[in-house]
There are 2 protein chains.
Amino acid sequence: MSCQLNYFNGKGRGEIIRMVFAAAGKSKEFEDRRIEFKDWPQEKTKAPLGQLPYIKLNDKEQTTVGQSIPIARYFAREYKLYGSTNKEGLLIDEIVETAFELLNKGAEAKFEKDETKMKTFTEKTAPEKLKLLEQEVTLRGQDGFAVGKSLTLADLQIYVTIDVAGLDKMLSEYPKLKANVAKTAENKGVKEYLKTRPETSF
Amino acid sequence: MSCQLNYFNGKGRGEIIRMVFAAAGKSKEFEDRRIEFKDWPQEKTKAPLGQLPYIKLNDKEQTTVGQSIPIARYFAREYKLYGSTNKEGLLIDEIVETAFELLNKGAEAKFEKDETKMKTFTEKTAPEKLKLLEQEVTLRGQDGFAVGKSLTLADLQIYVTIDVAGLDKMLSEYPKLKANVAKTAENKGVKEYLKTRPETSF
């Protein structure tokens, strides 16, 4: 059995894991199990933390583990998408954490369909966090990458956040982030995945 | 110059980093710079993400990096408090993430002094998350430890969460967590630190 990712049939908090597989050229080596909302009540009991995503590892015990970023980081380490030193790992994590917070705020505002929250997100939270990410990428990265000189989990999380939170139209004000998103989309495995992934509503 | 931690004069989201240093026996090798609230407006401009905690590394560039858990994880790797395999790192991260979410929910409810939020936290959020953590520790740990057979970042984050969110009175219903908290407090460096750390209001 290959390793199995369990997540809803959407991008949300599961997409970063799929993107790690894509960038590593491993999309075909894991099972992308997509759960429909109607099946969630019965599925919930199988999820180790009662939430999605979770992964079923390809080990003797078929260990199941929850939490999106920990899973993505595990595979990023496995596939050398986590920098080459402990310090690079720290710089990557700092960006991933900041970008994931932004994704969560965006997803929350969208999901609740609360106009005031959406306005706060678009006019305040998103510009503030994008400015910080722009600074980080400027300081840490080279040649269009977020940290160091090659693709890492940081680039993938920035890409996913911009995509899931629908922030691409704001990128003209953040040239480094804009260049970074374009750079990630050029990655061979990512490019292939983006062309073939299912269309979903979130 | 030694490495410098910048955080408010409280436990909150900075304590996990101090606990990593303590467990590693390195408390005296870093500067624990505690910032008073009144000084925060002028301090904020120096913080890389406009928030605390942040660390100033002891490298040539004196790199400053924000985000609590990324910093704690960096030093946990440095001091061998992050397991011995990539998989152990994943299991540690899963618990750290879950326990840190619980700390944040508790801190939020306390900080806002909102009675309804506090009630939801005490009667719903905390019991639900503690139950999950109890399950995880039961599955992953041995000899009282959270993951594997030695002290890691997971034990330290559980300890800090219980402490900061004031959940110690609820632990009688979670025997594995209770034993785990006691185990962490036995660690030589932790024990020494807990005896000498300043009393703070949060």
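The values are calculated or read from the model by the stated rules, or taken from the named source; none is laboratory data. Bear in mind the structure is a predicted one, so any value in this text is a computation, not a measurement. Positions of Cβ are backbone-derived with ideal geometry, glycine not excepted, and every protein chain shown enters the neighbour counts. Quick note on the areas: whole protein, heavy atoms, side chains included, nothing else; ligands and nucleic acids left out. Shrake-Rupley method; radii C 1.70, N 1.55, O 1.52, S 1.80 Å.
Against the condition among the hydrophobic types (A, V, I, L, M, F, W, C) and within 12 Å of chain B (Cβ to nearest Cβ), how does A:I95 come out, does it pass?
Numbers: among the hydrophobic types (A, V, I, L, M, F, W, C): yes; within 12 Å of chain B (Cβ to nearest Cβ): yes.
For A:I95, the condition - among the hydrophobic types (A, V, I, L, M, F, W, C) and within 12 Å of chain B (Cβ to nearest Cβ) - is met.
Once the range A:56-68 is narrowed to residues that are more than 7 Å from chain B (Cβ to nearest Cβ) and in contact with a Phe, Trp or Tyr (Cβ under 8 Å, 6 or more places away or on another chain), the residue that is most open to solvent (accessible area, probe 1.4 Å) is A:T64. Taking (1) within 13 Å of the chain's Cα centre (by Cα); (2) outside the structural domain of B:G148 (by TED's automatic domain parsing) in turn, B:Q62 satisfies each apart from (1).
If I filter the range B:3-24 for residues that are without any contact (Cβ under 8 Å) to a residue 12 or more places away in the chain and either under 25 Å from A:K131 (Cβ atoms) or loosely packed, with under 14 Cβ neighbours inside 10 Å (or both), do I get at least one hit? The answer is no; no qualifying residue exists.
Determine if the range A:106-115 includes at least one residue that is under 19 Å from the mean Cα position of the chain (by Cα), closer than 30 Å to B:T63 by Cα and modelled with pLDDT of 95 or more. There is no residue in the range A:106-115 that is under 19 Å from the mean Cα position of the chain (by Cα), closer than 30 Å to B:T63 by Cα and modelled with pLDDT of 95 or more. Go through the range B:22-55 and give me each residue that's among the aromatic types (F, W, Y) and within 10 Å of chain A (Cβ to nearest Cβ). Passing the criteria: only B:Y54. Within the range B:1-33, being hydrophobic (A, V, I, L, M, F, W, C), farther than 15 Å from B:Y74 by Cβ and not in a helix (DSSP H, G or I) holds for B:M1, B:F8. Is it the case that some residue within the range B:28-40 is under 30 Å from A:K80 (Cα atoms), touching a residue at least 24 places away in the same chain (Cβ under 8 Å) and of a type outside the set (A, V, I, L, M)? No, there is no match, as no residue in the range B:28-40 is under 30 Å from A:K80 (Cα atoms), touching a residue at least 24 places away in the same chain (Cβ under 8 Å) and of a type outside the set (A, V, I, L, M). Count of the range B:33-55 residues, restricted to those that are open to solvent by less than 50 Å² (accessible area, probe 1.4 Å) and among the charged types (D, E, K, R), is 2. Scanning the range B:72-88 for residues that are in a helix (DSSP H, G or I) and more than 7 Å from chain A (Cβ to nearest Cβ) yields a total of 5.
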